[in-house]
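Only the coordinates and a few stated rules stand behind these numbers; no lab work does. Since this is a predicted model, take the numbers as computed values, not measurements. Positions of Cβ are generated from backbone atoms using ideal geometry, with glycine treated the same way; all protein chains shown enter the neighbour counts.
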């Protein structure tokens with residue numbers, strides 16, 4: 001099972017260009033403190049860190065599990081140096097453009113998780129026009145594949161990446 005996953009990682013990495021780093025998430029669960037001692041995950045997740053000089057590095061994601069197949073992209077977490085940069089960008093000129101891009105992607109049927117924070121952080125006004133973006137500590141957009149798309153994961157990954165490329169370009173402009 002590992003060989004096909006590694007082959008998919010290599011093919012997509014070649015598409016994304018030199019410098020793309022890949023990761024195949026481990027299949028073993030940490031069961032030390034869990035009541036469920038099942039030793040393996042029931043899903044397979046992959047990640048491609050895109051070749052860029054920006055930090056944090058945006059990535060392309062692929063996940064397959066018992067009830068889903070998803071392709072996504074974004075930044076899984078802004079570290080303590082990136083978070084102020086993110087907030088300043090969202091508060092400034094990038095905010096409206098980024099929100100317009102997210103609106104375009106949701107109109108295409110993609111999903112975006114809820115912000116991690118319940119309130120807009122200080123020093124921003126609680127009614128800030130980009131309050132939803134300011135409440136984020138990460139941002140990833142996902143396309144849940146339909147059954148027909150799942151039959152060809154490579155095609156689905158490539159097509160979804162093309163749709164998400166403008167978002168990834170916005171990340172590079174911010175960071």
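The angle between the Cα long axis of helix 2-16 and the main principal axis of the chain comes to about 40°, on a 0 to 90 degree scale. The C-alpha atoms of the chain occupy a region whose extents along the principal axes are 50, 41, 31 Å, arranged from largest to smallest.
Remark: spin-label model distance residue 55-residue 79 equals 0.5 nm, labels positioned 7 Å along the Cα→Cβ axis. Here the gap between residue 146 and residue 15, fully extended at 0.36 nm per residue and compared with their Cα-Cα distance, gives a gain of 44.9 nm.
Axis angle, to the nearest 10 degrees, between helix 82-91 and the longest C-alpha principal axis of the chain: 50 degrees. Taking Cα atoms only, the orientation of helix 94-107 departs from the longest principal axis of the chain by about 40 degrees.
Full extension of the segment from residue 96 to residue 119, taken as 0.36 nm per residue of separation minus the current Cα-Cα distance, would add 6.3 nm. Take 135-143, 58-66, 19-27 and order them by the average number of nearby Cβ atoms within 10 Å per residue, most first; the result is 135-143, 58-66, 19-27.
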